[in-house]
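Enquirer: Questions regarding the structure given below will be posed in turn.
The values are calculated or read from the model by the stated rules, or taken from the named source; none is laboratory data. Treat the numbers as computed from the prediction; the structure is a model and nothing was measured. Cβ sites come from the backbone with ideal geometry, for glycine too, and all protein chains shown count toward neighbours.
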Amino acid sequence: MRRKLVLGNWKMNGSRVDAHSWAAAAAAVAAATANADVGVIPPVVFLDVVRAASDSSPLWLGAQNVAAYDNGAYTGEVSARMLAESGVRCVLVGHSERRQVFGESDVVVAEKYVRALAAGLTPVLCLGETLEERERGATDAVVLRQLQAVIDAAGAASLSDAVLAYEPVWAIGTGRTASPAQAQEVHALIRSAIAKHDAMLSSLVRILYGGSVKGSNAAELFAQSDVDGGLIGGASLVPADFDAICRAANQDG
Ligand code: 13P
């Protein structure tokens, strides 16, 4: 049985005061959900605030981005080693906003994934198709291509130290959630692709769903057999909503 995981991606939102109160609320729900893991992914400059507000809590601390390089002359970047030293446990790689707004290719995403693993971080590899890709029937090909780039770079066995997240781009921040059946279909596809390499590994890897998850739809999404939790954007900025989502995961855990 895979343990559910809920991660709140704050994106580029909030102040230090907000970060403190959101983190304190998330730490409280992390302590109250014995059957599920909970984490928050603040902007990197708020990592210290979140650490202070969640001290001795089981709350996972995540980062939204990581350099594709090891320490060196890369102005503006933050290395995986620096994140690990700052108490970070997991890091998003391949989020659609990084792919689309910042032009990150599958190759760059794979380099970041490799760096994260080398530093002992858990990469949270995000996969997902745009609306245009879904409408022309390319969903499976896109998601499998994004997954394969990482397998080519790091090997399928590396997935045992990673978390996957299916985030259809058309469902992110739009209020348009994938139906539970649509999510399940792609999650099952991802799991079966991993099973071709290693059946045991495919049964253990956690695959989160992201895209307009709310307190009102979390339970039906998490009830799907291949949905192992959520990657939450907007609702993670509202403690009552994030709390409801984490409790839905806990119920299902
Ligand atoms: P929303 O929950 O706001 O749709 O964002 C999802 C997301 O991108 C999380 O990484």
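Enquirer: Residues that are over 21 Å from Gly8 (Cα atoms): which helices (runs of 4 or more DSSP H) entirely in the range 171-253 hold 1 or more of them?
Expert: Values: elements: 180-195, 199-204, 218-222, 239-252.
Of the helices (runs of 4 or more DSSP H) lying wholly inside the range 171-253, those with at least 1 residues that are over 21 Å from Gly8 (Cα atoms) span 180-195, 199-204.
Enquirer: Any idea how many residues of the range 198-222 are under 30 Å from Ala19 (Cα atoms) and not aromatic (Phe, Trp, Tyr)?
Expert: 16
Enquirer: Just to be sure I understand, how many residues within the range 225-253 are away from the ligand (no atom under 15 Å from the Cβ), within 23 Å of Pro123 (Cα to Cα) and not charged (D, E, K, R)?
Expert: Number satisfying all stated conditions: 3.
Enquirer: List the pairs whose first member sits in the range 1-19 and is in a loop (DSSP other than H, G, I, E, B), whose second member is surrounded by 11 or more Cβ atoms within 10 Å (Cβ to Cβ) and charged (D, E, K, R), and whose Cβ atoms are under 7 Å apart, counting only residues at least 6 apart or on separate chains?
Expert: Pairs that qualify, where the first residue is in a loop (DSSP other than H, G, I, E, B) and the partner is surrounded by 11 or more Cβ atoms within 10 Å (Cβ to Cβ) and charged (D, E, K, R), are Arg2/Arg206; Arg2/Asp228; Arg3/Asp37.
Enquirer: Of the residues Asp48, Asp18, Asp37, Asp55, which is over 24 Å from Glu104 (Cβ atoms), of a type outside the set (Phe, Trp, Tyr) and in contact with a Pro (Cβ under 9 Å, 6 or more places away or on another chain)?
Expert: One residue alone meets the criteria, Asp37.
Enquirer: Mind listing just one residue for me: the one in the range 201-224 that is of a type in the set (A, V, I, L, M, F, W, C) and either under 11 Å from Tyr166 (Cβ atoms) or surrounded by 17 or more Cβ atoms within 10 Å (Cβ to Cβ) (or both) and, of those, nearest to the ligand (Cβ to nearest atom)?
Expert: Val213
Enquirer: OK, next. Please enumerate the residues belonging to the range 125-140 that are within 16 Å of the ligand (Cβ to nearest atom) and under 16 Å from Arg191 (Cα atoms).
Expert: Across the range 125-140, the qualifying residues are Leu125, Cys126, Leu127, Gly128.
Enquirer: Okay, moving on. Can you list residue pairs whose Cβ atoms sit under 6 Å apart, with the first residue in the range 189-212 being among the small types (Gly, Ala, Ser) and the second being within 16 Å of the ligand (Cβ to nearest atom) and in a strand (DSSP E or B)? Count only pairs 6 or more apart in sequence or on different chains.
Expert: Gly210/Ala165; Gly210/Leu231
Enquirer: Consider the range 65-84. How many of its residues are touching a strand residue (DSSP E or B) at 6+ places or on another chain (Cβ under 8 Å) and either in a helix (DSSP H, G or I) or modelled with pLDDT under 95 (or both)?
Expert: Residues of the range 65-84 touching a strand residue (DSSP E or B) at 6+ places or on another chain (Cβ under 8 Å): 65-66, 78, 80, 83.
Remaining after also requiring either in a helix (DSSP H, G or I) or modelled with pLDDT under 95 (or both): 80, 83.
Matching residues across the range 65-84 total 2.
Enquirer: In the range 83-107, what count of residues is obtained for those that are out of contact with any Asp or Glu (no Cβ under 9 Å at 6 or more places or on another chain), within 11 Å of the ligand (Cβ to nearest atom) and of a type in the set (D, E, K, R)?
Expert: The total comes to 1.
Enquirer: When the range 44-64 is examined, which residues are found to be outside any helix (DSSP H, G or I) and either crowded, with 18+ Cβ neighbours inside 10 Å or at pLDDT below 95 (or both)?
Expert: Ser54, Asp55, Ser56, Ser57, Leu59, Trp60, Leu61, Gly62, Ala63, Gln64
Enquirer: Yes or no: the range 178-197 includes at least one residue that is within 28 Å of Trp22 (Cα to Cα), modelled with pLDDT under 95, crowded, with 19+ Cβ neighbours inside 10 Å and touching a helix residue (DSSP H, G or I) at 6+ places or on another chain (Cβ under 9 Å).
Expert: Among the residues of the range 178-197, at least one is within 28 Å of Trp22 (Cα to Cα), modelled with pLDDT under 95, crowded, with 19+ Cβ neighbours inside 10 Å and touching a helix residue (DSSP H, G or I) at 6+ places or on another chain (Cβ under 9 Å), which makes the answer yes.
Enquirer: Answer yes or no: is there a residue in the range 141-148 that is of a type in the set (S, T, N, Q), in a helix (DSSP H, G or I) and within 16 Å of the ligand (Cβ to nearest atom).
Expert: Yes: the range 141-148 contains one or more residues that are of a type in the set (S, T, N, Q), in a helix (DSSP H, G or I) and within 16 Å of the ligand (Cβ to nearest atom).
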